[in-house]
Every structure is written in structure tokens, then in C-alpha cells.
Amino acid sequence: MPVKKRTFYAVFVKRLLDILFALVLLIPSALVLLPAMLLIKLESGGSVFFVQKRPGKNGKPFMLYKLRSMLPQNPPEQPQKSDMERLTRLGRILRSLSIDELPQLFNILKGDMSFIGPRPLLMSYLPLYSLEQSRRHEVRPGISGWAQVNGRNALSWEEKFKLDVFYVDHLSFSLDLKIIWMTVKNVLAREGINQSEGQTMQPFTGQKVKDA
């Protein structure tokens, strides 16, 4: 499927608003980030940041920044723990309030991400997408997106990707505003964080339905 022609908002205005709002939010975010960083250090030591390579627009890799919410995985010779077992007490709070996402303001300023768009997933997933699913990379990834406000980790991968592609095809100022409003509501209600008590989200292993 050919890439859909982008609107003036999608090409120019959205990026300008991302920069302006990221700059405006830097100072108030620092008032939350600095205490959170100190608490992470006191609780579990080590690095306060989680840094990982993720695919951005058109699949171009970038380094994503988050506050660390998990303990490191055990060495290979020891039993491996699930994500939920590695999640710290403070990490649960940071995730439920989406505070762990605040360092991504720097990703937005760098042009890696947008406030709104499909979430950036793992580089290893790139060869597993169907042609339709891979269209989620036609736009910059976001801190929140259409899939996040419509179920987040409670959705199957196939459902998430359909919502991501829907956003790509219907990207507009009004849809972005709606997602922002729904994101605030979900954060306040602390909805959709984990798929179950034993995991955050099962790894994506490939498309179940073949491309047409």
C-alpha cells in the first residue's frame, strides 16, 4: 500500500507543536523527574535511566529514554524472571502515573518522537510485521497513541497494530487532541497498565494472518 499523502498539520504543524510543548514542559517535568531519579537510586541503585534502541519513523533506529522501573535480568545461568517479577515497587508507581515516560521529552526535542503516535517497540519486531502492520512506522512514534488510549496492554498485538494503522491514516489535530484528553483520563484512572498480574505484555512473535 502506498504511503498516504500527509496533511499540512501532519507535515509541519504537528512537529512545531511538539517542540513548543516539550520546551514548556521541561521545567515542570524536572520537578518530578529529579525526585523520581533520587528515589530510584535509593531503592535499587544502578542507573536511573532505561536506554534502548527502538525503531522510529520509517524504521530508523534511535535511542529511547525512560526512567528505570525494573531490576536487571538475572545472569543467563540463573532462572530468568518475568517483567512483573522484576518490576520494583517504585516502578509500579512510576508506570501507573506514566512518570517513567518523561525523559522522552528529550526524544521529542531531538525529533525521534512525537507526543502522539504509535508506541516505539523493539527492533527485533521489524521483520515480523505484515506489510500492513509495518505502516505504523510511516509517522514518528509517540509517548501516547490511539492504541494506548483504547486498551493499551489489554489488547492483543493484532488489535494494537490495527489501531496504530488507523491513526496513521486518520492523523489530524482533532484526533491528537482526543488522544491527549483520553491519555490524561487513563493516567488519572490508572487504567490499562498491565495485561495481567504476571506480565506486562507478551512478546510479539509474528503476524497470525497472512497479508492479502
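Nothing in this text is a laboratory measurement; each read-out follows from the coordinates by a stated rule. Remember, it's a predicted structure, so these values are computed and weren't measured experimentally. Because the Cβ atoms are built from the backbone with ideal geometry, glycine has one as well, and the counts that use them run over all protein chains shown.
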Exercise. For Met63 and Ser172, what is the calculated FRET efficiency with R₀ set at 22 Å and r taken between the beta-carbons, to the nearest 0.05?
Worked result: 0.15
Exercise. Remind me, relative contact order of the chain in percent, using alpha carbon pairs under 8 angstrom and six or more residues apart?
Worked result: 22
Seminar exercise, completed: Violations at 30 Å Cα threshold for listed pairs Lys110/Lys178; Lys41/Lys178; Lys57/Lys81; Lys41/Lys162; Lys53/Lys81 -> Lys41/Lys178; Lys57/Lys81; Lys41/Lys162
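Kyte-Doolittle mean at least -0.5 and Cα extent at least 15 Å along the axis: which DSSP H helices of the chain qualify?
Length and hydropathy pass: 14-44, 173-189.
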Problem set entry | Modelled FRET efficiency - R0 22 Å, Ser47 with Leu20, Cβ distances, 0.05 increments | 0.15
Problem set entry | Of Val139, Val24, Val165, the one that fluctuates the most in a GNM where the chain has Cα springs shorter than 10 Å | Val24
Exercise. Could you give P(r) for the stretch 74-159, binned at 10 Å from zero, as whole percent values over all Cα-Cα pairs?
Worked result: 14, 37, 36, 13, 0
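For the stretch 16-103, divide the Cα radius of gyration by the Kirkwood radius and give the resulting Rg/Rh value with two decimals.
1.03
Starting with the fewest neighbours, write out His170, His137 ranked by other beta-carbon atoms found within 10 Å of each beta-carbon.
On the way: His170 11, His137 22.
By the 10 Å Cβ count, ascending: His170, His137.
In the neighborhood of Arg119, defined by Cβ-to-Cβ distances under 12 Å, what is the net charge if each Lys or Arg adds +1 and each Asp or Glu adds -1? Each step should come with its number before you reach the end.
Working: positive: Arg54, Lys66, Arg136, Arg140, Arg152, Lys160; negative: Glu101, Asp164.
That sum, taken over residues with Cβ under 12 Å, equals +4.
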Seminar exercise, completed: Per the Cα gyration tensor, the chain corresponds to an equivalent ellipsoid with semi-axes, largest first in Å, of 27, 22, 16
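Kindly put Leu25, Leu188 in sequence by how many other C-beta atoms sit within 10 Å of each C-beta, fewest to most.
On the way: Leu25 14, Leu188 9.
With the fewest neighbours first, Leu25, Leu188 line up as Leu188, Leu25.
Order of Ile27, Ile40, Ile116 from fewest to most other C-beta atoms within 10 Å?
On the way: Ile27 8, Ile40 22, Ile116 27.
Least to most surrounded, the residues fall as Ile27, Ile40, Ile116.
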Seminar exercise, completed: Note on the stretch 116-169: the mean projected area of its alpha-carbon convex hull, in nm², is 3.4
Problem set entry | GNM top mover of Ala147, Ala22, Ala189 - the chain, alpha-carbon springs below 10 Å | Ala189
